[in-house]
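Scroll down for the structure; my scribbles are underneath it.
The values are calculated or read from the model by the stated rules, or taken from the named source; none is laboratory data. Just so it is clear, the structure is predicted and the values come from calculations on it, not from any experiment. Here the Cβ positions follow ideal geometry from the backbone for every residue, glycine too, while neighbour counts run over all protein chains shown.
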Amino acid sequence: MPNIAKIQEDILALSKTDYQQLRQWFNELEWDEWDRQIEEDSNAGKLDFLIAEAREAEEKGTLKKLEDLLGLDR
């Protein structure tokens, strides 16, 4: 298996198009890992506190609508 220095050297030798494709692939790989971790945490109940906070804010009347936070017009 190639070492990191060789991989870095090979990356620097890529054409602009190939480099962009590699970046896209790597970004998708990271997002897939993020999605897997979020799903795992959710299934384990590690994110339940967020639901509780949202419900509490809704009861207090302080819950902000996502559209307002994102500045979206209706």
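Name every residue in segment 12-29 that is of a type outside the set (Phe, Trp, Tyr) and surrounded by 10 or more Cβ atoms within 10 Å (Cβ to Cβ), in order of residue number.
Scanning segment 12-29 gives LEU14, ASP18, GLN20, GLN21, LEU22, ARG23, GLN24, ASN27, GLU28, LEU29.
With respect to the numbered conditions (1) at pLDDT 95 or above; (2) surrounded by 10 or more Cβ atoms within 10 Å (Cβ to Cβ); (3) not in a loop (DSSP other than H, G, I, E, B), which one is the sole condition not fulfilled by GLU58? GLU58 satisfies every listed condition except (1). Report whether or not LEU14 is assigned to a loop (DSSP other than H, G, I, E, B), over 19 Å from the mean Cα position of the chain (by Cα) and at pLDDT below 95. So LEU14 fails the test.
Residues in segment 39-53 that are in a helix (DSSP H, G or I) and of a type outside the set (Ser, Thr, Tyr): GLU39, GLU40, ASP41, ASN43, ASP48, PHE49, LEU50, ILE51, ALA52, GLU53. Go through the residues of segment 39-52 one by one and say whether even a single one is surrounded by 11 or more Cβ atoms within 10 Å (Cβ to Cβ) and more than 22 Å from the chain's Cα centre (by Cα). No, segment 39-52 has no match at all.
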